[in-house]
1. Taking the chain as the reference, fit the longest principal axis to its C-alpha atoms, fit the long axis of helix 304-314 to the helix C-alpha atoms, and give the angle between the two in degrees, 0 to 90, nearest 10.
2. In whole angstrom, how far apart do the alpha carbon centroids of segment 262-303 and segment 28-47 sit?
3. How would the chain be classified by its alpha-carbon gyration tensor: rounded, prolate or oblate, with rounded meaning a/c under 1.5 and the a/b versus b/c comparison settling the rest?
4. At 1.4 Å probe size, with the rest of the protein present, what percent of the exposed accessible area of segment 46-129 is carbon and sulfur atoms?
5. Give the angle, between 0 and 90 degrees and rounded to the nearest 10, that separates the Cα long axis of helix 388-402 from the longest principal axis of the Cα atoms of the chain.
6. Please give the per residue accessible area of segment 1-82, computed with a probe of 1.4 Å over protein heavy atoms only, in Å².
7. Under 5 Å between amide H atoms, partner at least 5 residues away or on a different chain: which partners does LYS258 have, H built in plane at 1.01 Å?
8. Please turn the phi angles of segment 349-365 into ³J(HN,Hα) values with the Karplus equation 6.51 cos²θ - 1.76 cosθ + 1.60 (θ = phi - 60°), one per residue in order, whole Hz, x for glycine and proline.
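The values are calculated or read from the model by the stated rules, or taken from the named source; none is laboratory data. On a predicted model such as this, the values are computed, not experimentally measured, just so you know. All Cβ positions, glycine included, derive from the backbone under ideal geometry; neighbour counts span all protein chains shown. Quick note on the areas: whole protein, heavy atoms, side chains included, nothing else; ligands and nucleic acids left out. Shrake-Rupley method; radii C 1.70, N 1.55, O 1.52, S 1.80 Å.
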Amino acid sequence: MVFRGTIVDAAEFDPSADAETLFNAMKGIGSDKEAILDLVTSRSNAQRQEVIAAYKCSFGKDLIEDLKYELTGKFERLIVSLMRTPAYHDAKEIHDAVKGSGTNERCLIEVLSSRNNQQIHDMVAAYKDAYGTDVEEDIIMDTSGHFKKMLVVLLQGTRDESGVVDADLVEQDAQDLYAAGEEQWGTDEAKFIMILGNRSVTHLRMVFDAYEKIAELCIEDSIKNELSGDFERLMLAVVQCIRSVPMFYAKRLYKSMKGLGTADNNLIRIMISRSEIDMLDIRECFRLRYEKSLYNMIKDDTSGDYKRTLLNLCGGDDDLAGEFFPEAAQIAYKMWELSAMTKVQLRPTLRPAPDFDPAADAQALRKAMKGFGTDEDAIIDIVAQRSNAQRQEIRQTFKSLLGRDLMKDLKSELSKNLERLVIGLMLTPAEFDAKMMRKAMEGAGTDEHALIEILVTRSNEEIQAMNAAYQHAYKKSLEEAIQSDTSGQFCRILVSLVQGAREEGQADVERANADAQELTDACNAESDDMEMKFMSILCTRSFPHLRRVFQEFVRHTNKDIEQIIKKEMSGDVKNSFYAIVRSVKNQPSYFADRLYKAMKGLGTDDRALIRIMVSRSEIDLFNIRKEFKETHEASLHEFIQGDTSGDYRKTLLRLCGGED
């Protein structure tokens, strides 16, 4: 195993001298915290054990007890944890996770899914020594069901590590997983446990590739479809660790620091346990996925001596670097390959209502708006539970039966965000997109993010229908409106996209390689030339083709296209190209991020929230929900519940379709 940690053995190491330095740092009133953290974070764990022994020999005292006495809070937890051996540190984390009130399932998942056989065996022995009980018995007492069974399998530390792969067994395992889940009604969880809990890393990577060809979706999506709760989270963690342990930890670190508050126990555990193993690769995976260095995220999210210690463990700021470490380049290449292979089954949250009767719905809506007051519940029950095609029938029937314009009646009876949401639902998709484009450009400012989002994510057919709807509604072409409201390269990008002429079809491998080379050459050109070349490829090629282009770009440059866009471009041009890349990679994930940004922090971007919930409810809102939960560890339902109110919230939750 090649270690790529940030902490290595200190040269010219003298444990007795270090013991004396620490003793002096804690002597008298107060303590020299900087001296303590500088010494502890510049020694390997093995050297720290020698310092502990030297301290006891020289001063007859327990170094860890002295550190606990002198330090406080998170800084104390971090320094004391660094002084434990990896096995005893893991044992303590597991013990803390299962003892006391409640179980920290996420800690169990993280530790047991990411350790190799030897690390598991060492932890089991350390647990027995430290607590006098068997870790397996304690976990069995504290967990249940398939989650418990998989934890027990992982605790055995018997995963095949031979590196030998049997091609026939690869195909058999892929078929067995498919038969155990997607192919049948119900799931054979035991088959998932047996294969994912015992086969070698190399073998399972090949199984995942074979599975994708059989099922036409990736193993992660199958797990999300077939499993649930802590068992689902555990199996996803195992798959992520099989694919890449550094990327698994990059995601865990991000989740520990994003949003309000920091999950310090998670942050401490990961920074300590990986600092001598693969922190360099975790850093680069972090930058690859989140476009921000781990160093800067820690710097922004922590403070004081605690922050300085974590930054020493982190070891450097990758925002200052340009290229990937080898591991991260391989991961970036593989991510694009997976994106190209995966056929995502798009799933809506809103489907046509059975036993649909447009005349009855029209009469019910009229009744809800007649007389004093309005029955908003009746309106929501109909509008938010019919497909768009059905709503158009209701509009027509309302006029035929009652001689009234349903849209005008709704506008007069409803107000504010509820009115905007319900009217948005009653428009055709083309009318709605046209209206959203108009709203993004009218008034004093321009909502560039809305223009980008709509034009990047719509198909050629949708863009052409929107153009026609815009011309009909506003007696002006959408292209003219864009040219009047935007300028420069950003305007040219939008005009290119609004043609609705993006190529369609699969990737041309030879041409993708040539396109990747052109993008590579453009990175060395003047800014305007670079942007024009990027536009000529990113705004015209099909999404499947661009996936292959971006994959080959990594091979040509040892850089990911997202990093180049972030580093070399700025403003709306950068945002446009970035949105294209994100949509090409994973469009539901792109929309999940847009929804998160619409609701996080103070205030809600209701226009963005309405636009996405209305436009995606019959296409892929279920997929967006899953991506939202995966990235933000809170459901879209929870966010809407906490960020909106009244009938507006009720309608949005109907569109959302459920709690994840």
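1. The angle comes out near 90 degrees.
2. For segment 262-303 versus segment 28-47, the Cα centre distance is 21 Å.
3. prolate
4. Answer for segment 46-129: carbon and sulfur cover 50 percent of the accessible area.
5. 30
6. 53
7. none
8. 10, 10, 10, x, 6, x, 6, 6, 10, x, 5, 5, 5, 4, 5, 5, 5
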